[in-house]
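Read the structure below first, then the notes.
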Amino acid sequence: MRRFLAALAALAICTVPVAVVTPAHAEDPVVLTIGIGEDIDSANPFTGLSSLAYEIFTLQYPTLTQYASEDFGIVPGLAESWEESPDQKYWTYKLRPGMKWSDGTPLTAEDVAYTFNRIIDGKYEKTNFGSYTESMVRAEALDDVTVRIEVSRPSPVMDHLFVFILPRHIWEGIDGKEVRKYENVGTPDSPTVGSGPFVMVERQPGQFTRLKVNPNWWGGERPIDEVIFKVYNNPDALGQALKSGEIDFAQGLDLGVYESLQGIPEITTVSAQPASYSEIAFNTGAALEDGKPIGDGNPLLKDKALRQALNWAVDRQAIVDKVLGGQGQPGTTIIPPLYTQWHLDPANPYAYDPAKANELLDAAGYPVGEDGIRADAQGNRLSFRLTYRTDDPNSQKSAEFAQSYFKDVGVEINLEGVSEDALYEVVGQGNFDMFEWGWGVEPDPNYMLSTFTCGARSYEEDGTIYANLSDSFYCNPEYDKMFDAQAQETDFATRQEIVKQMQQMLYDDAPYLITYYANGLQAFRNDRFTGWVPQPADNGTLIYQWGSWSFFNVEPVGASGEDATASPGASASPGAASADPSAPASATPATEPESASISGLIVVLIGAAVLVLIVIVAIVMIRRRSAGDDRE
């Protein structure tokens with residue numbers, strides 16, 4: 001939250017107005033404002049898939065256990081302890097005693113059992129969480145603080161289930177059909193009900209989402225009263241908002257904006273190692289989970305040889321250099337290098353080799369036509385649609401590079417831009433040839449691996465097709481067998497080997513062309529808030545974590561008697577630089593959050609008071625000068 005509360009006397013004698021950050025009055029809420037480039041896709045945990053949606057879910061609905069900030073180790077969450085039975089048929093979790101939901105209702109083992117059983121019994125509910133419950137038979141509350149989950153087989157993920165625990169008394173009134181359209185948006189009069197440090201109290205789509213502190217959070221009082229996620233559709237406006245103090249933290253910065261912030265003493269920039277990847281996905285043959293074909297994808301992309309050739313045609317390092325400005329590394333496999341124990345450096349890696357791509361395309365039966373575009377024996381040209389996301393400038397840039405590289409080997413690409421929300425529906429219906437997008441990857445590989453199984457394809461219910469997690473519609477029974485094997489393997493070394501074999505299979509079958517692992521570019525006002533916690537400790541991200549570590553610890557500068565310092569892994573650039581006067585003005589929402597409007601009013605009133613004081617002083621001085629002239 002911006003605090004421009006200055007001494008009036010000091011301002012009255014200044015020749016240049018100065019914005020001074022001072023402690024707020026006790027009755028003023030302390031608000032942390034985070035600028036972002038994209039809005040949430042849904043506030044419903046069973047529906048939302050975007051990074052921001054998961055950030056907001058994590059702040060409202062804690063999980064049983066958490067990934068530690070230091071190294072992704074498993075630490076307590078809602079559960080204080082957990083253990084597997086000697087026969088490996090049950091897992092028992094002991095909850096923290098005395099917890100409450102934000103509305104004062106006791107949080108008990110019944111809520112936990114309800115959440116898991118709803119996913120076990122549901123269809124739509126399995127979209128985001130089915131990979132965690134595949135081995136579960138039933139969850140049972142043994143008493144208020146004890147949950148026991150029966151499993152049909154051993155499972156390596158039962159001590160780190162990234163499933164948001166929901167309040168039974170709220171969600172049990174929303175049936176399996178209603179939940180598809182349930183928005184779960186809080187209002188000032190009717191906040192969402194959660195057990196995390198914050199709950200949602202306001203949302204203006206495309207503008208902002210406001211969360212307010214949960215007074216019943218088991219972690220106790222926090223020095224932050226509200227968190228506002230404010231949307232900026234212009235990358236330059238996001239950077240300018242941080243420079244001007246309109247926001248306290250900027251997430252997902254454009255490279256040019258990121259570089260413009262370096263060297264400003266009040267701003268710390270962070271280039272965090274990525275827990276994600278970006279890809280160009282191919283429609284390998286869109287079909288429902290039962291194999292029924294859907295969509296209008298070009299059937300030529302079912303040919304693995306064609307997809308492999310296209311992987312050889314792209315210079316990933318050039319894309320990293322020119323699109324990311326070197327802030328990342330070329331992509332290979334679906335588990336990022338951040339997770340060293342799981343990531344595979346593939347055998348026979350695709351390099352930039354257009355000659356090899358041409359050779360493979362010739363061998364696959366796609367000769368070059370008179371127009372320079374290849375075609376198959378039936379005359380079907382290698383002409384494809386490539387859909388990019390208009391929400392992300394890097395998506396369009398990457399698509400344009402791919403278009404150029406593919407053209408060099410005789411493949412025509414027609415670019416189409418759509419919003420992320422629209423793309424999710426397009427992909428789920430199978431109405432595409434290729435698209436550019438990306439995935440955030442959990443520290444455990446199970447969820448990411450599950451998205452390539454045959455069962456993760458779209459499904460039909462009551463005549464309506466619903467998207468699932470598979471977006472390439474890849475389906476390989478051998479892959480599914482390996483997925484099932486790793487999903488019940490509790491020996492780490494054995495599971496690790498299976499996971500790496502699966503990555504190699506995907507790499508060879510090429511449902512994706514993984515372009516890069518992009519660093520997370522962030523920046524914050526170090527004169528406003530301190531206590532940011534990276535995950536992992538070595539140059540990790542400060543927000544958008546697998547957990548909410550920064551939100552547990554961040555506080556206004558001076559709250560603990562300490563100044564803000566660069567977080568571990570951050571690069572605080574020395575020197576000073578002024579805001580670029582040619583940069584576009586920051587975009588403010590048409591509707592401001594209530595607390596932001598109040599703070600703005602305070603600033604206006606103070607400014608008005610200062611102006612009045614200056615006028616009074618000026619009048620007095622004029623009168624004194626006039627009186628002096630009369631005496632002379």
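The values are calculated or read from the model by the stated rules, or taken from the named source; none is laboratory data. Everything numeric here is computed off the predicted structure, so don't read it as measured data. Glycine also receives a Cβ, built like all others from the backbone with ideal geometry; neighbour counts cover every protein chain displayed. These area figures cover heavy atoms from the full protein model, side chains too; ligands, DNA and RNA do not enter into them. Shrake-Rupley method; radii C 1.70, N 1.55, O 1.52, S 1.80 Å.
Just a yes or no: is a residue in the range 8-15 modelled with pLDDT under 95, open to solvent by 20 Å² or more (accessible area, probe 1.4 Å) and hydroxyl-bearing (Ser, Thr, Tyr)?
The answer is yes, given that some residue of the range 8-15 is modelled with pLDDT under 95, open to solvent by 20 Å² or more (accessible area, probe 1.4 Å) and hydroxyl-bearing (Ser, Thr, Tyr).
Among the residues of the range 468-482 satisfying the criterion of being under 19 Å from GLY285 (Cβ atoms) and free of Cβ contacts under 8 Å to residues at least 60 places away in the same chain, which is surrounded by the most Cβ atoms within 10 Å (Cβ to Cβ)? Ranking the candidates gives SER470 first. Residues that are of a type in the set (A, V, I, L, M) and open to solvent by less than 10 Å² (accessible area, probe 1.4 Å) were ranked within the range 238-263; the one that is farthest from PHE72 (Cα to Cα) is ALA241.
One residue stands out in the range 356-398 among those that are within 25 Å of ASP421 (Cα to Cα) and of a type in the set (D, E, K, R): the one that is modelled with the lowest pLDDT, namely ASP391. Among the residues of the range 290-304, is any within 17 Å of TYR507 (Cα to Cα) and hydrophobic (A, V, I, L, M, F, W, C)? Looking for residues that are within 17 Å of TYR507 (Cα to Cα) and hydrophobic (A, V, I, L, M, F, W, C), one finds at least one in the range 290-304, hence yes.
Would you mind finding the one in LYS230, LYS243 that is assigned to a helix (DSSP H, G or I) and out of contact with any helix residue (DSSP H, G or I) (no Cβ under 6 Å at 6 or more places or on another chain)?
From the options LYS230, LYS243, the qualifying one is LYS243.
Scanning the range 367-392 for residues that are surrounded by 17 or more Cβ atoms within 10 Å (Cβ to Cβ) and in contact (Cβ under 8 Å) with a residue 12 or more places away in the chain yields ARG374, ARG381, LEU382, PHE384, ARG385, LEU386, THR387, TYR388, ARG389, ASP391, ASP392. Scanning the range 279-321 for residues that are open to solvent by 20 Å² or more (accessible area, probe 1.4 Å) and under 30 Å from ASP248 (Cα atoms) turns up just one, ASP321.
Within the range 450-467, at least one residue is under 20 Å from VAL157 (Cα atoms), assigned to a loop (DSSP other than H, G, I, E, B), open to solvent by less than 10 Å² (accessible area, probe 1.4 Å) and free of Cβ contacts under 8 Å to residues at least 40 places away in the same chain. Can VAL193 be described as of a type in the set (A, V, I, L, M), more than 25 Å from ASP421 (Cβ to Cβ) and open to solvent by 40 Å² or more (accessible area, probe 1.4 Å)? So VAL193 does not fit the description; no.
Looking across the range 64-80 at every residue that is of a type in the set (S, T, N, Q) and in a strand (DSSP E or B), the one that is most open to solvent (accessible area, probe 1.4 Å) is identified as GLN66.
Flag: ALA113 does not match the condition of being in contact with a Lys or Arg (Cβ under 9 Å, 6 or more places away or on another chain) and either assigned to a strand (DSSP E or B) or over 21 Å from PHE46 (Cα atoms) (or both). The single condition from (1) touching a helix residue (DSSP H, G or I) at 6+ places or on another chain (Cβ under 9 Å); (2) polar (S, T, N, Q); (3) closer than 17 Å to ILE334 by Cα that GLN273 fails is (1).
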